[in-house]
Amino acid sequence: METILKTINITKTFGGLIALNQVNFEIKRGMIVGIIGPNGAGKTTFFNCLTGVYTPDSGEILFNGTNINRLKSHQIARLGISRTFQNIRLFNNMTVLENILAGHHCRMRAGLWGVLTRNKRTLREEKDSYAKARDFLNFVDLKGKGDRIAKTLSYGDQRRLEIARALAAEPQLLLLDEPTAGMNPSETGKLTQFVKRIREELGLSILLIEHDMRVIMEISDKVTVLDYGARISEGTPLQVQKDPKVIEAYLGCQEIIINKSNYPANIHSNTDLKSASLK
Amino acid sequence: MIRIEQIFRLTPPKKKILVLFLLVLPFMVGNYWSQILGDIGIYIILGIGLNVVVGFAGLLDLGYVAFFAIGAYGYALLASPQFGIHIPFWLMLPVCIAFGAGFGAFLGTPVLRMRGDYLAIVTLGFGQIMRITLNNLDPLTNGPRGLLRIDPPKIGDWIIDTPIEWYYLIMAGIFFAIFVANRLNDSRIGRAWIAMREDQDTAEIMGINVLKYKLMAFSIGASFAGLGGAIFASRQGSIFPDNFSLMVSINVLCLIIIGGLGSIPGIILGSIILIGLPEALRGVQQYRMLLFGGLLVIMMIFRPTGFIPSARKKIEFKK
């Protein structure tokens, strides 16, 4: 399998804070890779570097072999990296369909002249784009809600719309930032299946930040663990869970979990436990 | 001409009546009110243009008058005895539109990296700079003495100079502006603008070249002002720097907001209220501004989204 995205020693600092410290990372085509780590570990900063929101201070980001360090966000989107956000960021006052069409923007070509004259090419492109947008609408199970204003959708629907918008950009690599945040177990289960479907039916590579270990266990081919901006572990979900470094990052020391009967299903809640016990 | 027949057949009766009404209107109201309808009309063109910038793309531009001035002075300098150049009106229209667009792009390039309030302040400054420049660039603009005897439009030997003739010309300008604005709104470009207005950073990450589309909105908005300016200069016959004061920018912005941001019927109604009402209230001269101010306050309390909000805004408020 070929490598679709590779980072070599990327570092990003904000003033004195080292948000990413020499991170090496690789994802092969068709893989689902999970990124976990305690809060503030640099996971979202990593996504922001990949999508051009931040430029890394040093290191290289290679997408399909080309360096994308200095590219602007819209250029990266066009190359084929698309993402969702930790806090849903839809175009709230646009309709559901328009949101998806806005995602498809970078695959359309109509310019000022085409728009003003409404020539055949523009009309055909509009028609095709609408058809595609409807396909994506159905794909994420929002059929019949295309004319709703985005912000009037339920939370779960908004999450799915965000994914549809990202898919409409026709990416090769999809970045999902905590897609199950705020969902109940049954919704989480459905979304997990849905992420699998995205890989199977659309053939995308997926990189996801996730706190819910059940999701990570179920769908990741590989898990990368970040702590204080550095990659501290990498491997299959099972390997990572047993890695003492990971346990230390989450729980502070190893003894705590030795006499635990069940292994943490949700590491995130355990970090909360840790901080609670520290108080 | 099968096409014209087709268009006629496909037009809904309501629209036919509206067009007929607009055609006979100046004869019903006479010269004085035709003149005022013309004033209103120029503001409608400016409103539609500024709406592209403020309503669609969400860029608060308080110096819109600068582009209006560019159109007006551009026309006046090339079609008056000032330099003895007399380029025909019809040729100057596209030239003035291009002046507006070009100047918009020129101004926008450094300015559009700013956001929100900062953009508003910088554009406000540019609007003022334009007026002051016109006032002081004596050899070119004649300073406060203005440019006089500007050429009116001619069709053959027929000179367009009565308020009623002007009414029809301005009406054609409005239809052109509406046509362009509608096509833009309902397109890839329009969607990019609205996405940008909603959330600039997300739009960029989703693959919209924000800087390019901002510049495009600014420039297209300015081109409408260029058109309005050419019509204004030619209709007035003489222009002075004071015609292009801050109040013009404020008025245009007000009429968009009163009518309903983003909606073209709203802009038309807004212009009628903002430009027409002060005329209608002439009878109660000394209370005019008081009544007018009161009306604005009442409106903002009861109709905060404007009189005719855009379809999108309407749905928003229903839910």
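The values are calculated or read from the model by the stated rules, or taken from the named source; none is laboratory data. Since the model is a prediction, treat every value here as computed from it, not as a measurement. Every residue, glycine as well, gets a Cβ built from its backbone with ideal geometry; the counts of neighbours run over all protein chains shown. Heavy atoms of the whole protein, side chains included, go into the accessibility calculation; ligands, DNA and RNA do not. Shrake-Rupley method; radii C 1.70, N 1.55, O 1.52, S 1.80 Å.
Would you be able to tell me the number of residues in segment A:72-88 that are part of a loop (DSSP other than H, G, I, E, B), open to solvent by less than 60 Å² (accessible area, probe 1.4 Å) and either of a type in the set (Gly, Ala, Ser) or more than 8 Å from chain B (Cβ to nearest Cβ) (or both)?
Going through segment A:72-88 one residue at a time, the tally reaches 3.
How many residues are more than 14 Å from chain B (Cβ to nearest Cβ), surrounded by 16 or more Cβ atoms within 10 Å (Cβ to Cβ) and of a type outside the set (Ser, Thr, Tyr) if we restrict to segment A:31-55?
12
Based on this model, can you work out whether B:Gly108 counts as assigned to a helix (DSSP H, G or I), on the phi < 0 side of the Ramachandran plot and within 17 Å of the chain's Cα centre (by Cα)?
So B:Gly108 fails the test.
May I ask you to list pairs of residues, at least six apart or on different chains, whose Cβ atoms are under 7 Å apart, with the first in segment B:305-316 being over 9 Å from B:Gly262 (Cα atoms) and part of a loop (DSSP other than H, G, I, E, B) and the second being at pLDDT 65 or above and open to solvent by 50 Å² or more (accessible area, probe 1.4 Å)?
B:Gly306/B:Ile257; B:Gly306/B:Leu261; B:Phe307/B:Leu269; B:Ile308/B:Pro265; B:Ile308/B:Leu269
Determine, yes or no, whether A:Asn69 is of a type outside the set (A, V, I, L, M), at negative phi, free of Cβ contacts under 8 Å to residues at least 24 places away in the same chain and assigned to a helix (DSSP H, G or I).
So A:Asn69 fails the test.
Would you say B:Phe244 is under 18 Å from the mean Cα position of the chain (by Cα), within 14 Å of chain A (Cβ to nearest Cβ) and either within 21 Å of B:Leu62 (Cβ to Cβ) or aliphatic (A, V, I, L, M) (or both)?
Considered against the rule, which asks whether it is under 18 Å from the mean Cα position of the chain (by Cα), within 14 Å of chain A (Cβ to nearest Cβ) and either within 21 Å of B:Leu62 (Cβ to Cβ) or aliphatic (A, V, I, L, M) (or both), B:Phe244 comes out as no.
Pairs under 6 Å by beta carbon, first residue facing chain B (nearest Cβ under 7 Å) in segment A:100-116, partner among the β-branched types (Val, Ile, Thr) and part of a helix (DSSP H, G or I), six or more apart or different chains?
Within 6 Å, the pairs are A:Ala110/A:Thr122; A:Val115/B:Ile189.
Could you list, in sequence order, the residues of segment A:135-159 that are β-branched (Val, Ile, Thr) and open to solvent by 10 Å² or more (accessible area, probe 1.4 Å)?
If the condition is that a residue be β-branched (Val, Ile, Thr) and open to solvent by 10 Å² or more (accessible area, probe 1.4 Å), then A:Thr152 is the only one that fits.
Show me the helices (runs of 4 or more DSSP H) entirely contained within segment B:151-261 in which 1 or more residues are touching a strand residue (DSSP E or B) at 6+ places or on another chain (Cβ under 7 Å) and open to solvent by 10 Å² or more (accessible area, probe 1.4 Å).
Filter on segment B:151-261 gives B:200-205.
Please go through (1) loosely packed, with under 14 Cβ neighbours inside 10 Å; (2) at the interface with chain B (Cβ under 7 Å from one of its Cβ atoms); (3) aromatic (Phe, Trp, Tyr) for A:Phe91 and return the number of the only condition it doesn't satisfy.
Only one criterion in (1) loosely packed, with under 14 Cβ neighbours inside 10 Å; (2) at the interface with chain B (Cβ under 7 Å from one of its Cβ atoms); (3) aromatic (Phe, Trp, Tyr) is unmet by A:Phe91, namely (1).
The conditions are (1) part of a helix (DSSP H, G or I); (2) touching a Lys or Arg at 6+ places or on another chain (Cβ under 8 Å), and B:Val52 fails exactly one of them. Which is it?
(2)
Restricting to segment A:133-184, name every residue that is of a type in the set (Ser, Thr, Tyr), more than 10 Å from chain B (Cβ to nearest Cβ) and outside any loop (DSSP other than H, G, I, E, B).
The answer is A:Tyr155, and nothing else.
Looking only at segment A:56-67, decide whether some residue is over 19 Å from A:Glu178 (Cα atoms), surrounded by fewer than 16 Cβ atoms within 10 Å (Cβ to Cβ), in the same structural domain as A:Pro244 (by TED's automatic domain parsing) and among the hydroxyl-bearing types (Ser, Thr, Tyr).
The answer is yes; a qualifying residue exists.
Yes or no: segment A:228-238 includes at least one residue that is open to solvent by 20 Å² or more (accessible area, probe 1.4 Å), part of a helix (DSSP H, G or I), under 27 Å from A:Asp57 (Cβ atoms) and not acidic (Asp, Glu).
Scanning segment A:228-238, I find no residue that is open to solvent by 20 Å² or more (accessible area, probe 1.4 Å), part of a helix (DSSP H, G or I), under 27 Å from A:Asp57 (Cβ atoms) and not acidic (Asp, Glu), so the answer is no.
Take the residues of segment B:181-197 that are without any contact (Cβ under 8 Å) to a residue 60 or more places away in the chain and at the interface with chain A (Cβ under 7 Å from one of its Cβ atoms): which is farthest from A:Leu71 (Cα to Cα)?
First pass over segment B:181-197, keeping only residues without any contact (Cβ under 8 Å) to a residue 60 or more places away in the chain: B:183, B:186-189, B:191-192, B:195.
Next cut, at the interface with chain A (Cβ under 7 Å from one of its Cβ atoms) only: B:183, B:187-189, B:191-192, B:195.
Numbers: B:Arg183: 32, B:Ser187: 27, B:Arg188: 23, B:Ile189: 22, B:Arg191: 23, B:Ala192: 20, B:Ala195: 21 Å.
Among residues in segment B:181-197 that are without any contact (Cβ under 8 Å) to a residue 60 or more places away in the chain and at the interface with chain A (Cβ under 7 Å from one of its Cβ atoms), the one farthest from A:Leu71 (Cα to Cα) is B:Arg183.
Just to be sure before I move on: is A:Thr122 more than 8 Å from every other protein chain (Cβ to nearest Cβ) and without any contact (Cβ under 8 Å) to a residue 24 or more places away in the chain in the structure I sent? Talk me through it step by step, then tell me what you get.
Working: more than 8 Å from every other protein chain (Cβ to nearest Cβ): no; without any contact (Cβ under 8 Å) to a residue 24 or more places away in the chain: yes.
No, not satisfied.
If A:Pro38 passes every condition in (1) touching an Asp or Glu at 6+ places or on another chain (Cβ under 7 Å); (2) without any contact (Cβ under 8 Å) to a residue 60 or more places away in the chain but one, which one does it miss?
That leaves (2) as the condition not met.
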